[in-house]
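Please read the structure below before turning to the comments.
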Ligand SMILES: *Cc1c(COP(=O)(O)O)cnc(C)c1O
Ligand SMILES: [Zn+2]
C-alpha cells in the first residue's frame, strides 16, 4: 500500500494532521474535522491532456478501463488494481436536452443533463461506492455499513454482495422510497429501520461504526468522494474536454458538490483545465440548511478560516425548535449535512451559489425531464428547478452552457411520479401546487368504440 502516492489529511487548516492511506477514519481523531485524500502528484503517472483518457474506451473488455470511474484512475490513485471492486459503474452520458433547456430558459444547445440514473444501482452513488469498496477491500474490511435515505443503501448492498462483505444499513422508518428499499432487501443487506429521520440514522451509524469497528461508506468516507470526482470528468469528456459555465447539483449531505469542487481544484492545479466552472447547489425548501447558512447567515469558507460555531449553532437551533426536514425529494431530506465544511470549500473553489426550490417546482421540473426523454427521481430534478430559478434571477446567463446532474433513476420513486400525475400523493408526501405537467391516466369503458373515441379526443 505504501507504494501508492496518497495519504489522508485533515481539512481543518489549523490542524492538517496526516494519516496513512490504510486507515479507516471518518473524522480527524484530533479535531473531529473531515478528511481528504491527498496525492503526491509528482509520483503519479498523469496524462499530458485529459483527452489521453479517450483511448481507454477502446479497451472495454478490461473491467477497469470499462468503468466510468477507474478509466480515470490516475486522478484517484490510492489503491492497487488488484483490490478494486468494480461493477461497471459510470456508463453514464452527458445528453444535450433542448426541451428542458427551453423550460429552464436557456438558448438552444445550452442545457446538458448528466444522467447518473444509468449506474448499476440506478444512482450516482455507485461512483463513490466503487472507490469506498476498493479501499475497504484493500484494508481487509469485512462488515460495511451506512445510514441512508435509500440510494446509498441500495448501492452499498449491491457492492457488498458482489465483494462478499456483510452489508448493514440504517434507514429512517417510513422515509425511504420503495424502489430503493426493494434494492437493499433484494441484495441481502441487513436493513435496520431506525425510529427517526436520516440525521438520526447518521448519528447512530457513526456510533455503531466506532463501537463495532464497522467500515462506514457514507460520504464522510474520503475515498467515496474520490470516486464521485469521476462524474465531473465524464461531464468534461461529454463536452469534448471543454469546461461548461455552470454545474448544477442537488444538495443533501453535500458529498457530490464537495467532490466536484475538489476535482476542479485539482484539475486546475495540475494545469489540465484552463478554468473552473461555477457551481450551484440546490436544496429543497423542505431541507434548506445550506441555503440558510450561506444566504442568510453569510457563511463562507474564507480559505478555511471560517466560524465553525455558525454551523454548530444552526444544528442546535434545529434541535431546540424541533425543526425537521420534510420534502418529497427524499434523497435530499437532510438537515444536518455531514459535508457542510467541504461544500463551503467547493463553493469557494467554484465561485458557487446556493438556492432552495419548493417541492411543487421540483415535481414540475421532474415532469419536464421525463417528458423530454430522460426521467429522474424527485431529488435529481431540484437541479433543473434550481437552474431555472437562477436563469430567472439573471445569475445564470441565457446563453450559458449549463450541466444539471440527474442523480437518480426515475423508477427509484414511482409513488412520487404517480402522485404527481394523478394528484394522489402518498399521505406523508403531499405536495401543494398546480401540477402543471400532470399526465392523468384516462379511464375508458371496455369497449372498442369508446376506446377509439377516447383516443381521438384530444384534451
Ligand atoms: C444521495 C443523493 C443526493 C444527495 O447527494 P449528496 O451528495 O448527499 O448531496 C441527491 N440525489 C440523489 C438521487 C441521491 O441519491
Ligand atoms: Zn484535524
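The values are calculated or read from the model by the stated rules, or taken from the named source; none is laboratory data. Just so it is clear, the model here is predicted, and its values are computed rather than measured. Cβ sites come from the backbone with ideal geometry, for glycine too, and all protein chains shown count toward neighbours.
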Residue that is farthest from ligand 1 (Cβ to nearest atom) [pool: residues in the range 243-254 that are within 17 Å of residue 275 (Cα to Cα), touching a residue at least 40 places away in the same chain (Cβ under 8 Å) and assigned to a loop (DSSP other than H, G, I, E, B)]: 245
Consider the range 273-297. How many of its residues are out of contact with any helix residue (DSSP H, G or I) (no Cβ under 9 Å at 6 or more places or on another chain) and exposed (fewer than 13 other Cβ atoms within 10 Å of the Cβ)? 1
Could you grab me the full set of residues in the range 201-222 that are in contact with a strand residue (DSSP E or B) (Cβ under 6 Å, 6 or more places away or on another chain) and within 14 Å of residue 262 (Cα to Cα)? 222
Restrict the check to the range 359-373 and report whether at least one residue is in a loop (DSSP other than H, G, I, E, B), modelled with pLDDT under 95, more than 9 Å from ligand 1 (Cβ to nearest atom) and in contact with a helix residue (DSSP H, G or I) (Cβ under 9 Å, 6 or more places away or on another chain). yes
Scan 210, 230 and give me the residue that is at pLDDT below 95 and in a helix (DSSP H, G or I). 210
Could you check how many residues of the range 326-358 are within 18 Å of the chain's Cα centre (by Cα) and assigned to a loop (DSSP other than H, G, I, E, B)? 12
Given the criteria away from ligand 2 (no atom under 16 Å from the Cβ), touching a helix residue (DSSP H, G or I) at 6+ places or on another chain (Cβ under 7 Å) and without any contact (Cβ under 8 Å) to a residue 24 or more places away in the chain, does residue 91 qualify? no
Residues of the range 167-183 being assigned to a loop (DSSP other than H, G, I, E, B) and within 20 Å of residue 411 (Cα to Cα), which ones? 174, 175, 176, 177
In the range 275-298, what residues are more than 22 Å from the chain's Cα centre (by Cα) and either at pLDDT below 95 or outside any helix (DSSP H, G or I) (or both)? 275, 297, 298
Scanning the range 104-119 for residues that are touching a helix residue (DSSP H, G or I) at 6+ places or on another chain (Cβ under 6 Å) and more than 14 Å from ligand 1 (Cβ to nearest atom), which turns out nearest to residue 363 (Cα to Cα)? 104
Looking only at the range 14-30, which residues are more than 6 Å from ligand 2 (Cβ to nearest atom), surrounded by 13 or more Cβ atoms within 10 Å (Cβ to Cβ) and assigned to a loop (DSSP other than H, G, I, E, B)? 16, 21, 22, 24, 25, 26, 27
Could you please find all residues in the range 426-445 being in a loop (DSSP other than H, G, I, E, B) and without any contact (Cβ under 8 Å) to a residue 40 or more places away in the chain? 426, 430, 440, 441, 442, 443, 444, 445
Residue tally, condition surrounded by fewer than 17 Cβ atoms within 10 Å (Cβ to Cβ) and touching a helix residue (DSSP H, G or I) at 6+ places or on another chain (Cβ under 7 Å), over the range 48-64: 3
Which ones in the range 341-380 are under 24 Å from residue 413 (Cα atoms) and free of Cβ contacts under 8 Å to residues at least 60 places away in the same chain? 366, 370, 378
So which residues in the range 137-158 are within 21 Å of the chain's Cα centre (by Cα) and more than 15 Å from ligand 1 (Cβ to nearest atom), if there are any at all? 144, 145
Do you know which of the residues in the range 155-171 that are surrounded by 24 or more Cβ atoms within 10 Å (Cβ to Cβ) and in contact (Cβ under 8 Å) with a residue 40 or more places away in the chain is farthest from residue 119 (Cα to Cα)? 168
For the structure I just gave you, tell me whether residue 272 is over 21 Å from residue 335 (Cβ atoms) and in a helix (DSSP H, G or I). no
Going through 51, 33 one at a time, which residue ends up being near ligand 2 (Cβ under 10 Å from one of its atoms) and under 26 Å from the mean Cα position of the chain (by Cα)? 33
